[in-house]
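Participant: Dropping the structure in here first, questions after.
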Amino acid sequence: MSSARGLVALLVVVGLLAAVLWLLRRGLATRRTTGLLSVETALSLGERRTLVVVSVEGRRLLLGVTPASVSLVTELARGDAFEGALTAQGSPAS
């Protein structure tokens, strides 16, 4: 009987830990705006490479993000989309 109570207690603790981790992860993932910097959108390119549009101090920047670096691709004017920015840089948008 005591081994069954121990097992139930262990399952409750593991369940609570999983719930707390899920809540933390969900809370951190949805918090995308911090003061003067906000992430408008992100597009995964695979293999841990991403294009990200950020707003900082009234400017919109298209950044290329890899595990080793963050590079400025171009500065976007208000209302510009990815396709217009990529075409302006000489890359064909598909």
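Just so you know, all these numbers are worked out from the coordinates, no wet-lab data involved. If you're wondering where the values come from, they're calculated on a predicted model, not measured in any experiment. FYI the Cβ positions are ideal-geometry reconstructions off the backbone, even for glycines, and counts take in every protein chain you see.
Participant: May I ask you to derive the FRET efficiency for residue 68 and residue 9 from their Cβ-Cβ distance with R0 = 35 Å, giving the value to the nearest 0.05?
Facilitator: Rounded to the nearest 0.05, the efficiency is 0.15.
Participant: Which whole-Hz couplings ³J(HN,Hα) result when phi for each residue of the stretch 53-62 is put into the Karplus expression 6.51 cos²θ - 1.76 cosθ + 1.60, θ = phi - 60°, listed in order with x for Gly and Pro?
Facilitator: Along the stretch 53-62, the couplings run 9, 10, 10, 9, 6, x, 10, 10, 10, 9 Hz.
Participant: In nm, what is the difference between 0.36 nm times the number of residues separating residue 57 and residue 37 and their Cα-Cα distance?
Facilitator: Contour length minus the Cα-Cα distance gives 6.5 nm.
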